[in-house]
Amino acid sequence: MTRTEHTLHALPAFPVYSLAFVSDDRLVVGGGGGASRSGIKNQLRVYEVDRPNLAIKQLTSLELESGEDAPMTIASPLSPDAHIVCGINSTAALLAEGKNENVRVYRVGDDKVVEERKAQSISGKDAEVYQKITVFSPDKTLVAAGSTDSSVALLQYPSLEPVCEPLSVTDGELYDVSISEKHILLTASSHLELYTLPAKDKKGKGKLELEKRIERPTFSGVKPDKVVFRAARFSPTQPDRLFTVVNPSGGARSKTRGVKEPTNSYVCKWDTTTWTVKRHRLVDSRPVTVFDVSSDGKLLGWGSSDLKIGVLDAKTFAPLLQILKAHEFPPTALKFSPDAGLLVSGSADNSLRLVQVPAGRPSSTFPTMTVLLIVLLAILIAVLMQQYR
C-alpha cells in the first residue's frame, strides 16, 4: 500500500451524517443533533477545500427549522449551477398530519444555501422512519430516495415527480440503491432486486416489475447464510460490472464448541451478464459501514466499524491505502471528489477526514514494475554467474 497524506478536521458539536461534493473543491456536509431537543443545531454546511494542504474553510451554512431532523443523506448531480438533493424529515407537527416533505432540493452558493423544492416520499406518521439513501441516475434525470421502512421512491429530476409506484424490498432491510442506464437495483440485507427502468417516453406512473432476484454469494468457503449485503453499486463506466459489500451476518451462533463464527467483510466484483462473482477481497474483520465508487470507476472506498477507511483499485482489488483510526466513532459518510483525487469521510464524532488519493494505481503500475524488477534481477544473476565461471 502507498503512504498518503491525510488530515482530520474537528467540527465542534456537529455530528456528521452525510456529505457530497458539488465540485472538486466544494463540499456540502449535513449533520446535527437530529429531531431531539439536544441543543445541537441541524445544518447544511458548505466548505471550500484547499486540496494541496488538505484544509477546509466554511463558506456558509443553512440552519434547518427547529424540530426538523438532521440531513441524513445528500447527493449531488454535479451540475454547473451547484445543487444537492437531501433527505430531511419534517417537524413532528407535520408528521402528525401525515405530511413529511423529506426530499429536498437546494441550490448551493458560496454565500448561501437556498431551498428550491421539496416532495414527500415517506408515508405515515412514524418519526423513526427517515430517508437514508439518495442516488442519481447516470444522466441525472432520475433520483431515487430510499427510506428506513425499506421503500424506494423513483423521482424525475429536478421536478421530483414520481416516475413509478414506490418500490419496496420483499424481505430483509433496505441498505442501498444503484441506478444504471437501464436498471435500478435495490440492496436488501438478504438479496438484491433488479428492476427495469421505464422508457423515457412512457406516460403515467406505472408499476415496475421485478426482473431478477440475486441471492447472497458463495466464495472461498464463505456460506451465503453467514453474510449479508451492505452495499451494491453499478460501475459508472462499465454497466455490466457491479461492486458489492458483504458483511458478516452475526445472526446464527455456532453449534460447535470452540468454533468461531466468521466476522470478515468483503468487497466483490460481479459480472451482471451471468450474475457471478468474478473477484473478491477481504477488507476488514469488522462490518463495513460506508462504501463509494469513484466517478471514473477506478477506485473503491470503504469504511468500517473498526474505525478504518481504505481504498481499493477497482480492477485488481489491490489495496491503495488504509487508515487505521480514521475517527473515534465508525464512519457515517464517505465520498470521492469528482476527479477521484480526494476521499472524505465523516463521523458522528464531530469530524471530517480528508485523504489524498495516491496518483499511482496498482492496476497500471504494478505489473510493469514487477516485469522490470524480474528483468533486472535476471540480468544481475547472469552477470554474477559470468564473473564466477
**Request:** Within the stretch 86-121, work out how many residues are more than 23 Å from Y157 (Cα to Cα) and surrounded by 13 or more Cβ atoms within 10 Å (Cβ to Cβ).
**Result:** 4
**Request:** Please enumerate the residues belonging to the stretch 104-130 that are part of a strand (DSSP E or B) and within 27 Å of A199 (Cβ to Cβ).
**Result:** V105, R117, A119
**Complete:** Checked D296, D306, D292 against criteria (among the charged types (D, E, K, R), in a strand (DSSP E or B) and either on the phi < 0 side of the Ramachandran plot or at pLDDT 95 or above (or both)); the one match is D292
**Request:** Mind listing whichever residues of the stretch 334-347 are assigned to a loop (DSSP other than H, G, I, E, B) and in contact with a Phe, Trp or Tyr (Cβ under 9 Å, 6 or more places away or on another chain)?
**Result:** S337, P338
**Fill in**
The residue that is nearest to V245 (Cα to Cα), considering only those in the stretch 210-230 that are assigned to a strand (DSSP E or B) and either over 23 Å from the mean Cα position of the chain (by Cα) or of a type in the set (K, R) (or both), is R230
**Prompt:** Of the residues that sit in the stretch 234-269 and are part of a loop (DSSP other than H, G, I, E, B) and at pLDDT 90 or above, which one is farthest from K212 (Cα to Cα)?
**Reply:** N264
**Item:** Subset of the stretch 92-115 (residues that are under 29 Å from R26 (Cα atoms) and either aliphatic (A, V, I, L, M) or more than 25 Å from the chain's Cα centre (by Cα) (or both))
**Value:** V103, V105, V108, D110, D111, K112, V113, V114
**Message:** Considering only the stretch 325-333, I want to know if a residue exists there that is at pLDDT below 95 and assigned to a loop (DSSP other than H, G, I, E, B).
**Reply:** no
**Request:** Could you tell me which numbered condition R45 fails, if it satisfies all but one of (1) touching a Pro at 6+ places or on another chain (Cβ under 8 Å); (2) buried (at least 23 other Cβ atoms within 10 Å of the Cβ); (3) free of Cβ contacts under 8 Å to residues at least 40 places away in the same chain?
**Result:** (1)
**Fill in**
Checked I56, I74 against criteria (touching a Gly at 6+ places or on another chain (Cβ under 9 Å) and either touching a residue at least 12 places away in the same chain (Cβ under 8 Å) or over 21 Å from T187 (Cα atoms) (or both)); the one match is I74
**Pairs, first on the phi > 0 side of the Ramachandran plot in the stretch 311-340, second outside any strand (DSSP E or B), C-beta under 8 Å, six or more apart** = A340/S294; A340/S295; A340/D296; A340/K298; A340/V357
**Item:** Residue count for the stretch 196-209, restricted to those that are surrounded by fewer than 13 Cβ atoms within 10 Å (Cβ to Cβ) and either at positive phi or modelled with pLDDT of 90 or more (or both)
**Value:** 3
**Request:** Within the stretch 270-287, identify whether any single residue is over 30 Å from E211 (Cα atoms), buried (at least 18 other Cβ atoms within 10 Å of the Cβ), in contact (Cβ under 8 Å) with a residue 12 or more places away in the chain and not small (G, A, S), and answer yes or no.
**Result:** yes
**Request:** Could you list, in sequence order, all residues of the stretch 157-172 that are assigned to a loop (DSSP other than H, G, I, E, B) and modelled with pLDDT of 95 or more?
**Result:** Y157, P158, S159, L160, E161, V163, E165, P166, V169
**Message:** Going residue by residue through the stretch 46-56, is there one that turns out to be over 27 Å from K140 (Cα atoms) and basic (K, R)?
**Reply:** no
**Message:** Being modelled with pLDDT of 95 or more and either surrounded by fewer than 19 Cβ atoms within 10 Å (Cβ to Cβ) or touching an Asp or Glu at 6+ places or on another chain (Cβ under 7 Å) (or both): is that true of S337 here?
**Reply:** yes
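The values are calculated or read from the model by the stated rules, or taken from the named source; none is laboratory data. None of these values were measured; they are calculated from a predicted model. Quick reminder, even Gly has a Cβ in these numbers, built from the backbone with ideal geometry, and neighbours come from all protein chains shown.
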